[in-house]
């Protein structure tokens, strides 16, 4: 019941999704690809119950598994990712219907990409409020309303999850 819409500004990253959805038996997945002539998501504005932003990030949560990757980061990489994260949130916010939720996820452990990004979003988009994840039975550190999973606490890569709700 319902539809899942998948979108990425880089069509190469979303290309494997059709095969994965077919393999999983998911027949309600609509894949949207970037368009140069119009907004590929315009018809979804204000209609989505839940929007998940799997934000581009530095990948600092994977450094335990891939320690060399931190040395491959360019000096301006964090600034570039922060800008991309703001743009992803700005693209996602209008899609959420009143009473709907926006979930923001990174594989980062850096506060700049996580709590600070969510705080800036909530300050700019006053129609949204943070929603606590306290009842989620997931090991990790609660950071305000959000959840930070670290390799130390969970034995897996580091992730950050925050939920925000659009006023009804």
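Considering only residues in the stretch 35-65 that are over 25 Å from residue 128 (Cβ atoms) and surrounded by 13 or more Cβ atoms within 10 Å (Cβ to Cβ), the one that is modelled with the lowest pLDDT turns out to be 64. Residues of the stretch 97-113 that are part of a strand (DSSP E or B) and free of Cβ contacts under 8 Å to residues at least 60 places away in the same chain: 105, 106. Here residue 26 passes the criteria (1) surrounded by fewer than 16 Cβ atoms within 10 Å (Cβ to Cβ); (2) over 18 Å from residue 15 (Cα atoms) except the one numbered (2). Only one of the numbered conditions (1) part of a strand (DSSP E or B); (2) out of contact with any helix residue (DSSP H, G or I) (no Cβ under 9 Å at 6 or more places or on another chain); (3) at pLDDT below 95 is not met by residue 1, and that is (1). Taken together, the residues in the stretch 119-166 that are outside any strand (DSSP E or B) and at pLDDT 95 or above amount to 8.
Yes or no, residue by residue, for (1) without any contact (Cβ under 8 Å) to a residue 24 or more places away in the chain; (2) in a helix (DSSP H, G or I); (3) over 26 Å from residue 168 (Cβ atoms); (4) out of contact with any strand residue (DSSP E or B) (no Cβ under 9 Å at 6 or more places or on another chain):
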residue	(1), (2), (3), (4)
40	no, no, yes, no
50	no, no, no, no
61	no, yes, yes, no
69	yes, yes, yes, yes
73	yes, no, yes, yes
80	yes, yes, yes, yes
86	no, yes, no, yes
92	no, yes, no, no
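Residue check: residue 116 meets all listed conditions (1) farther than 23 Å from residue 155 by Cβ; (2) assigned to a helix (DSSP H, G or I); (3) touching a helix residue (DSSP H, G or I) at 6+ places or on another chain (Cβ under 7 Å) but one, namely (3).
The values are calculated or read from the model by the stated rules, or taken from the named source; none is laboratory data. For clarity, every value in this text was computed on a predicted model and none was experimentally measured. Cβ atoms come from the backbone with ideal geometry, glycine included; neighbour counts cover every protein chain shown.
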